[in-house]
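Please treat every number below as a calculation from the coordinates, not as lab data. As the structure is a prediction and not an experimental result, all values here were calculated from the model. Positions of Cβ are backbone-derived with ideal geometry, glycine not excepted, and every protein chain shown enters the neighbour counts.
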Amino acid sequence: MAHAIVHRLLDWYQREARDLPWRRTSDAYAIWVAEVMLQQTQVKTVIPYWERWMKALPDPPALAAAREADVLKLWEGLGYYRRVRHLQAGARLIMDRHSGRFPAEWSAILDLPGVGPYTAGAIASIAFNQARPILDGNVIRVLTRLEAVPGDPTKSEVKARLWAMSRILIQAAPETRRRRACAKLNQALMELGALVCAPREPRCLTCPVNDLCEAFRVGEVGRFPETPRRAAPEPRYFVVIVAVHAGRYAVRQRSNVEVNGGLWEFPCLECGTAEESPEAVAEFLWGRGAEGGLALTPLTVVRHAITRYRITQRAFRLDLGTRRADGAGGHPWAWLTLPELDALPFTSAHRRILDCLRTGQPGGVAGGGRPSRTSSNRGKGLHPD
Ligand code: SF4
């Protein structure tokens, strides 16, 4: 049956594959960058990032020599910044061990920081046409449905079975004697999971392997994969105080021991509820105003999600006038103009606040109450991006 599946998938991929920019090359570095960007990020979001990146940093020597701030700026908005640090560390390792040429050996690919068996399999097969299996979320869904594989695919015994299935398929690919069969088969598996064998409402009637699919045959497509239910999302609330002093804005760079290290942000504080008083937060960060109060102007509300967190950030502008503006909130703030801010890499949420400042886009929220204990239990400004 493996041979039949492989032939069908290769035919289907030939007809239906999307024309994505990283599919027009077999350059391992370009494919590595695309694979890392595609982790946790949708294809349509990745395309412009990948194109900008490849123009600015076209090969490992360019990435290895780049300034961290420039690399972060190219990644700004993609989130999960550990990925980009791994990329640059990997490029430096390629310079040290492989004279700047991306290695083709399996063990050398696996040695790159942040590269696990899936990414290594993708690079080895797509760039070098090696018969290496892959297993990501899309492929897990296709394989569990094809053979109606019971059990939680995050468990080791189920995962081992799925890796074995993927291996059987990729090892059958060279026997088709088609050009770059391994490269195309793995991409076909991923593509089928993305376009046809979708999590909800899979298009089984037009699927090229529907007569070979056990879940479809027994009418239980929706049962697979048997992934456990996710924990309920956890809300988190932040108040952001955009302090302005003599035409400059207070910002700080997150340290490398924090989440999103190296990125910039406005002063902010995590609060216990959505109704915490922004005035109280401003007072906590900047002290009392001249008449015992601080005049805040609502700027915008940014909502975003990361892992299990649903994050709400309410942003307010605070004009400090002639008040002393250094060191408030325990941080050595940098005071920068809007053009200077534009050149820095920001966390995604704070980039949106910066965009709002620049465009004057209106926003408005009301506050009340005082910061709760949880204002400090996760630390000032310690928000995921
Ligand atoms: Fe997925 Fe349906 Fe195709 Fe089976 S028939 S592989 S469930 S799309």
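Tabulated data
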| quantity | calculated |
| --- | --- |
| Tail beyond 23 Å, pair distance distribution of the range 82-170 (Cα, percent) | 33 |
| About the Cα centre, charge dipole magnitude for the range 37-178 (Lys/Arg +1, Asp/Glu -1 at Cβ), debye | 180 |
| Average projection area in nm² (convex hull over Cα atoms of the range 54-204, one quarter of hull surface) | 10.8 |
| Alpha-carbon spread of the chain, three principal axes, descending order, Å | 81, 51, 34 |
| Dimensionless Rg over Rh [the range 144-227; C-alpha; Kirkwood] | 0.97 |
| Backbone HN-Hα couplings from phi across the range 72-80 [Karplus 6.51/-1.76/1.60, Hz, Gly and Pro as x] | 4, 5, 5, 8, 3, x, 7, x, 6 |
| log10 of Debye I(q)/I(0), alpha-carbon scatterers only, for the range 19-122 at 0.10, 0.22 Å⁻¹ | -0.23, -1.29 |
| For the range 1-50, alpha-carbon Rg over 2.2 N^0.38 Å | 1.38 |
| Count of Lys pairs (Cα-Cα under 24 Å; at least 8 positions apart or interchain) in the chain | 6 |
| √(5λ) per eigenvalue of the Cα gyration tensor, the range 112-156, largest first, Å | 23, 13, 7 |
| The chain - charge dipole about Cα centre, Lys and Arg +1 at Cβ, Asp and Glu -1, debye rounded to 20 | 360 |
| Longest to shortest principal axis, alpha-carbon extents of the range 118-261, angstrom | 70, 37, 31 |
| Where Rh is the Kirkwood radius over Cα pairs, Rg/Rh for the range 193-247 | 1.45 |
| Descending semi-axes in whole angstrom, ellipsoid equivalent of the range 31-87, from the Cα gyration tensor | 17, 12, 10 |
| Per-residue ³J(HN,Hα) for the range 2-19, Karplus 6.51 cos²θ - 1.76 cosθ + 1.60, θ = phi - 60°, Hz, x for Gly and Pro | 4, 5, 4, 4, 4, 4, 4, 5, 5, 4, 5, 4, 4, 7, 10, 4, 6, 8 |
| Sorted by Cβ neighbour density within 10 Å, fewest at the top, the residues 205, 110, 354 | 205, 110, 354 |
| Cα-based equivalent ellipsoid of the range 180-279: semi-axis lengths in Å, sorted from largest, via gyration tensor | 49, 21, 12 |
| Per-residue Cβ neighbour rank within 10 angstrom, fewest leading, 335, 12, 32 | 335, 12, 32 |
| Whole-Hz couplings from phi, Karplus 6.51/-1.76/1.60, listed for the range 348-354; x for Gly and Pro | 4, 5, 6, 5, 5, 5, 4 |
